[in-house]
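So the structure is just underneath, and the comments pick up after that.
The values are calculated or read from the model by the stated rules, or taken from the named source; none is laboratory data. Computed from a predicted structure; not experimentally measured. Cβ placement follows ideal geometry from the backbone for every residue including glycine, while neighbour counts extend to all protein chains displayed. Areas reflect the complete protein model, heavy atoms only, side chains present, ligands, DNA and RNA absent. Shrake-Rupley method; radii C 1.70, N 1.55, O 1.52, S 1.80 Å.
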Amino acid sequence: MSPPTGGFPGETGGSLEEIVATLREFLKGSPLPSVSEVAQRKADPFRILVSTMISLRTKDEVTATASERLLARAPTAQALLRLESKEIAELIYPAGFYNTKAKNLKAMAEALVSLYGGRVPEAMEQLLALPGVGRKTANLVRNLGYDLEGICVDTHVHRISNRLGWVQTKTPEQTESALETVLPRKYWIPINELLVRFGQTLCTPLSPFCSRCPIRTLCPRIGVERSR
Ligand code: SF4
């Protein structure tokens with residue numbers, strides 16, 4: 001049996017477009033990632049920042065309800081700052097690492113109020129300087145809150161980009177830089193939502209469902225040792 005055609009855009013000239021188009025069709029109607037759902041209700045950078053911070057190492061269903069509980073009590077940085085860390089922890093429970101996240105959320109609100117009058121900044125350096133905010137969170141706030149370009153690389157985007165052979169990287173940060181050179185700019189914002197949904201349903205971490213994958217003939221399955 002001949003190996004599947006590689007998905008690297010430089011080699012196949014257009015397979016990346018085909019992959020994205022196929023995945024878009026395949027994922028039509030599937031649930032949105034929790035942070036996109038929060039953004040869809042209201043694309044407010046503060047809401048996106050809060051829910052992304054809650055989402056780290058937390059299941060989507062938990063993130064969605066925890067975010068809405070907290071945002072109902074604290075819709076602004078000023079209101080969040082008025083809550084005690086203990087109250088924040090109770091509101092976001094059972095999100096993963098809820099005590100640490102509560103402290104980070106409070107410290108983040110304090111920084112927003114003291115430095116920016118409560119407004120969420122849009123510059124990458126200013127976002128990264130906020131407590132508890134890494135590149136993934138900063139990019140998602142810029143993408144969904146301000147419609148600014150940037151590739152938000154989380155664990156799904158990192159894993160699937162490597163399996164497809166778009167990049168050969170060890171960390172999400174390396175993947176972000178590498179994708180900037182191979183991914184057409186029109187995909188920089190939507191790629192996160194697309195690959196998160198795909199990664200949650202078919203191209204899962206340990207044993208992906210390759211036998212029913214709509215792009216299996218375009219995927220070199222790099223690094224996949226076990227599949228279903
Ligand atoms: S599910 Fe398998 S075939 Fe499909 S993209 Fe992932 S690794 Fe490739």
Please report, in Å, the Rg and the Dmax of the chain, where both are computed over Cα atoms only. 18.5, 64
The chain - percent relative contact order, Cα under 8 Å, separation 6 or more: 24 percent
Please compare each pair in Lys42/Lys106; Lys106/Lys186; Lys42/Lys170; Lys28/Lys103; Lys59/Lys106; Lys86/Lys170 to a cut-off of 27 Å on the Cα-Cα distance and tell me which ones are over it. Lys106/Lys186; Lys42/Lys170; Lys28/Lys103; Lys86/Lys170
Please report the relative contact order for the stretch 34-146, taking Cα pairs under 8 Å with a sequence separation of at least 6, and give it as a percent rounded to a whole number. 31 percent
Using the Kirkwood formula on the Cα atoms of the stretch 139-223, what hydrodynamic radius do you get, in angstrom to one decimal? 13.1 Å
Placing unit charges on C-beta atoms (Lys and Arg positive, Asp and Glu negative, everything else neutral), compute the dipole magnitude of the chain about its Cα centre in debye, rounded to 20. 540 debye
Of the stretch 61-77, those with amide N under 17 Å from the point 7 Å along the Cα→Cβ vector of Glu87 are 67-77
With a 1.4 angstrom probe the carbon and sulfur portion of accessible area for the chain, in percent, totals 54 percent
For the stretch 185-228, calculate the relative contact order in percent as a whole number, restricting contacts to Cα pairs under 8 Å that are 6 or more residues apart. 32 percent
Determine by what factor the alpha-carbon radius of gyration of the stretch 34-146 differs from 2.2 N^0.38 Å, reporting the quotient. 0.92
Using a 7 Å offset from the Cα along the Cα-to-Cβ direction at both Glu61 and Gln174, what is the distance between the two label points in nm, to one decimal? 3.6 nm
What are the extents of the Cα atoms of the stretch 40-104 along their three principal axes, listed from largest to smallest and rounded to whole Å? 27, 25, 15
Whole-Å distance linking the alpha carbon centroid of the stretch 201-228 with that of the stretch 107-172 is 27 Å
